[in-house]
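Here's the structure, in structure tokens; my notes come after.
Read the figures in this text as sums done on the coordinates, not as results from a lab. Just so we're clear, the structure is a prediction, and the values are computed from it rather than from any experiment. With ideal geometry, Cβ positions are generated from the backbone for all residues, glycine too; neighbour counts draw on all protein chains shown.
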Amino acid sequence: MLRLQYNWLLGERFLKDNRINLSKIGWVKLVLHRPMPDGFKPKTAIVSKKSDGWYVTITLVDESVPTSTIEIVPTEDNSIALDLGLEKFAAYDTGEFVDIPQHFRHSEAKLALLQQKAATRKKGSRAKKLLNRKIGRLHQQIARQRKQFHFETAKRVLQKAPVVFVEDLAVKNLSARCKPKQDENGNYIANGQARKSGLNKSIADAGWAQFLDILSFKAESAGGKVVKVNPKNTSQVCSNCLNVVRKTLKERWHDCDKCNLSIDRDTNSAILIKKLGLDVSLSIKRSTCS
């Protein structure tokens, strides 16, 4: 799927009826999705090619809108914590959960069938081009479904509290390929990449990085904020007594022998994330697991 993106400066009279005047291109017909608000001045236009056609995204500026915001102080009452995962998309510190939709997984079989058909068609043929177009549109549909889910989830989260604590995840590192391994003779041996490839696919399907960006944007627009905390050992420490409770990825329940706390693993992590964000307990770095 071909993706092109350009930035074009707009003139004073850039929009008229169903046409837009782009610099160095001229007047181009378009379908206007929404009317231009009064008082805003156009700054740039991003012209991009997607699977179902060309799009123009216009950036508007209103100098009368204040840019400074009041700094909100996080408290126990005005904040909430999220722990992102793959079995459940998110767990609140209140014990609630957000189900994960897995848009790519649900369309994976259909996508594989289209790709198999396209592989058997002659290169450059009309049939192959049509199949590639269908593949591109299916990828676009999946991406749009995921983005819509992220916007809806971010809205529901911010309706609960204006301040949201989340882990400062390095998603790129979490989905990185395993390093190759060699034996004493220099031959490559199994490094677990075949098993981790499924995990990487699920991480990409969840779209954590995109969700955190959307959540931060919507929080800032609503006068709130997103606070990121250090994710180190948040899944291995008891949120009640800070005792280290080692768990593998398959173990989904938290049982602490020291304080007898028994709750869902992700809920325990969310509670700990909120405590670290509010700084009401020892940080993990200073606790016994450092």
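In this simple spin-label approximation, SER48 and LEU130 carry label points 7 Å from Cα along the Cα→Cβ vector, and these lie 2.9 nm apart.
If you fit an axis through the alpha-carbon atoms of helix 208-221 and take the longest principal axis of the Cα set of the chain, what angle between them do you get, 0 to 90°, nearest 10? The answer is roughly 80 degrees.
For the options VAL227, VAL166, VAL56, a Gaussian network treatment of the chain with springs between C-alpha atoms closer than 10 Å singles out VAL56 as fluctuating the most. Summarising the label geometry, the points placed 7 Å from Cα in the beta-carbon direction at GLU96 and CYS241 lie 3.1 nm from one another. Per-residue packing, averaged as other Cβ atoms within 10 Å, sorts the ranges 240-249, 123-132, 154-163 into the order 154-163, 240-249, 123-132, beginning with the highest.
In this structure, ARG177 and ASN78 have a Cβ-Cβ separation that, at R0 = 51 Å, corresponds to a calculated FRET efficiency of about 0.80.
In summary, the lysines within cross-link reach of LYS218, defined as a Cα separation below 17 angstrom excluding same-chain residues under 8 places away, comprise LYS147, LYS155, LYS160, LYS228. Using all pairs of distinct alpha-carbon atoms, the Kirkwood hydrodynamic radius of the chain works out to 23.0 angstrom.
Counting 0.36 nm for each residue step from ARG121 to ASP257 and taking away their Cα separation leaves a gain of 42.8 nm.
I want to make sure I understand the PRE zone here: with the label point 7 angstrom from the Cα of SER221 toward its beta carbon, which residues in the stretch 121-157 have backbone N atoms less than 11 Å away? Residues 151-152, 155 qualify, since their backbone N sits under 11 Å from the label point. Label separation (LYS201 vs THR59): 3.8 nm, computed from points 7 Å beyond Cα along the C-beta direction. Mean sequence separation of contacting Cα pairs (under 8 Å, at least six apart), scaled by the length of the chain, corresponds to a relative contact order of 17 percent. Dipole check for the chain: with +1 at the C-beta of Lys and Arg, -1 at the C-beta of Asp and Glu, and the Cα centre as origin, the magnitude is about 2360 Debye.
The simple Förster model, with R0 at 30 Å and r as the Cβ-Cβ distance, assigns LYS41 and LYS228 a FRET efficiency of 0.30.
The loop-placed GluC sites (Glu not before Pro) in the stretch 41-111, going by DSSP, that have at most 15 neighbouring Cβ atoms within 10 Å of their Cβ come out as GLU63, GLU71, GLU76, GLU87, GLU96.
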